[in-house]
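Read the structure below first, then the notes.
Every number in this text was worked out from the coordinates using simple rules, so none of it is lab data. Since the model is a prediction, treat every value here as computed from it, not as a measurement. Counting neighbours? That spans all protein chains shown, and the Cβs are built from the backbone with ideal geometry, glycine included.
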């Protein structure tokens, strides 16, 4: 019923832009932004980058809209878009998500 969608981006401004877009469209109840260091393989090379992790709290049924929005505004050629189902948690927090994301 609820999900966390995780993506990364290269700048704080880009992360904030993603967060604001999703919140304004009522596709997310909360978006958290963390500064991280990523190591990954890209086009045959090992890359080490400073990035910003964007964690989106939302409802599972909104994933397709979230993904479509991310793909349309994300600066990366191949953005990480990973959804993790939330099957346990604080019921009051889930009630808050339900209140915030009304359709």
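Exposure proxy for 53, 91, 61: other Cβ atoms within 10 Å of each Cβ, ordered fewest to most, give 91, 61, 53. Between the C-alpha center of region 45-103 and that of region 8-41 there is a gap of 9 Å.
Here the spin labels are modelled as points 7 Å beyond Cα on the Cα-Cβ line, and at residue 50 and residue 11 they lie 1.4 nm apart. Computed from Cα atoms, the angle from the helix 63-73 axis to the main principal axis of the chain rounds to 40 degrees.
Subtract the Cα-Cα distance of residue 43 and residue 84 from 0.36 nm times their separation in residues, and report this length gain in nm to one decimal.
Working: separation 41, 0.36 × 41 = 14.76 nm, distance 2.67 nm.
So the chain would gain 12.1 nm between residue 43 and residue 84.
In the chain, helical runs assigned H by DSSP with n ≥ 4 each contribute -39500 (n - 2.57); averaged across all residues and rounded to the nearest 500, the mean residue ellipticity at 222 nm is -10000 deg cm²/dmol.
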